[in-house]
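Each remark here refers to the structure printed beneath this line.
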Amino acid sequence: MNVEANENYRKAALAIANLIREGGQRSFLFASATRGEGTTTAILNVARHLKSNCGIEPLVIELDLERPVLVKFLRLDADKTFQAISSGKLTAQECIQRFAEGIATIPASASNGRSDRSVDKSKVLGQILESMGSRFDAVLVDTPPILEQADVMQVASLIPRVVLVVEAGRTRYEMLERIKRQFAAENCTIVAAILNKHKRYIPRWIYRLLVQ
């Protein structure tokens with residue numbers, strides 16, 4: 001990981017830590033406009049910074065049921081997943097798994113086609129949040145791309161605090177404006193922005209647009 005990328009993750013972690021300490025807000029969505037902008041990489045690194053640098057115990061929940069990556073990437077148990085909770089086979093507690101540095105996660109499993117599309121993500125997520133109580137200091141939710149799956153906005157209505165992940169030079173101004181309007185309609189706030197794969201100079205309009 002390059003120094004600049006790591007600094008972006010550190011700043012996002014500090015922003016989340018400050019919100020937790022000041023207002024008791026504990027749940028945050030990590031979202032991007034389109035696939036491949038680095039949302040999963042961002043959420044894992046922010047979780048590491050929260051635990052190692054901020055003394056905050058995070059839980060990472062993967063909500064991309066169509067293209068999950070955590071089970072394979074982190075070599076987790078494919079039977080202890082978000083879908084197992086939604087089907088009633090296992091409880092949220094039974095599906096918590098840990099990866100590097102002891103960080104907790106509830107991953108998603110490989111897609112089962114239509115059965116996964118029928119899952120009410122916001123309902124199941126709400127059950128997980130309720131059952132977890134105060135066990136974790138922060139809950140970080142890795143969502144599918146906003147412009148590709150409409151049910152992300154239903155989840156946003158449950159967790160109205162968003163960390164927006166953007167790949168510089170790829171996501172167009174019009175896309176960002178559309179995303180901001182969608183979040184505003186759900187009374188959601190973009191609390192931090194992570195700019196991936198960017199050169200050292202970032203146009204000021206990007207910062208103004210994402211967080212203001």
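Where a number appears in this text, it was derived from the coordinates with a stated rule and is not lab data. Only a predicted model underlies this, so the values are computations on that prediction, with no experimental measurement involved. All Cβ positions, even for glycine, are placed from backbone atoms using ideal geometry, and neighbour counts span all protein chains on display.
Residue by residue through region 55-66, which ³J(HN,Hα) values in whole Hz follow from phi under the Karplus form 6.51 cos²θ - 1.76 cosθ + 1.60 (θ = phi - 60°), with glycine and proline marked x?
Values per residue, Gly and Pro as x: x, 10, 8, x, 10, 9, 10, 9, 10, 7, 7, 7 Hz.
Could you tell me the convex hull volume per residue, in Å³, taken over the Cα atoms of region 44-127?
Convex hull of Cα atoms, per residue: 91 Å³.
Write down the percent of antiparallel bridges among all DSSP beta bridges whose residues are both part of the chain, to the nearest 5. Can you show the working numbers first?
Working: 2 of 24 bridges.
If I count the DSSP bridges inside the chain, around 10 percent turn out antiparallel.
Could you order the peptides 13-20, 87-94 from most to least packed, using the average number of other C-beta atoms within 10 Å per residue?
Details: 13-20: 19.4, 87-94: 13.4.
The densest-packed peptide leads the list: 13-20, 87-94.
In nm, what is the difference between 0.36 nm times the number of residues separating Ser157 and Glu22 and their Cα-Cα distance?
Values: separation 135, 0.36 × 135 = 48.60 nm, distance 2.16 nm.
Taking Ser157 through Glu22 to full extension adds about 46.4 nm, to one decimal.
Cβ under 9 Å from Glu57's Cβ, Glu57 left aside: what net charge do those residues give with Lys, Arg +1 and Asp, Glu -1? Provide the component values of the computation, followed by the final result.
Details: positive: Lys51, Arg135; negative: Asp137.
Around Glu57, the surrounding residues sum to +1.
More than 24 Å apart: what percent of Cα pairs in the chain qualify? Walk me through the intermediate numbers first.
On the way: 8368 of 22366 pairs.
Everything past 24 Å amounts to 37 percent.
Could you tell me whether region 146-190 comes out rounded, prolate or oblate from its Cα gyration tensor? Rule is a ≥ b ≥ c as square roots of the eigenvalues, rounded for a/c under 1.5, then prolate if a/b exceeds b/c, otherwise oblate.
On the way: a/c = 1.86, a/b = 1.73, b/c = 1.07.
Because a/c hits 1.5 or more and a/b exceeds b/c, region 146-190 counts as prolate.
Between beta-carbons, use under 12 Å as the cut-off and find the net charge around Val71, counting Lys and Arg +1, Asp and Glu -1. Please list the in-between numbers first.
Values: positive: Arg67, Lys72, Arg75, Lys80; negative: Glu62, Asp64, Asp77, Asp79.
Here the charged neighbours net out to 0.
Taking 0.36 nm per intervening residue step and subtracting the Cα-Cα distance, what contour gain separates Asp77 from Gln127 on full extension? Don't skip to the answer; put the middle values down first.
On the way: separation 50, 0.36 × 50 = 18.00 nm, distance 2.12 nm.
In short, 15.9 nm is gained.
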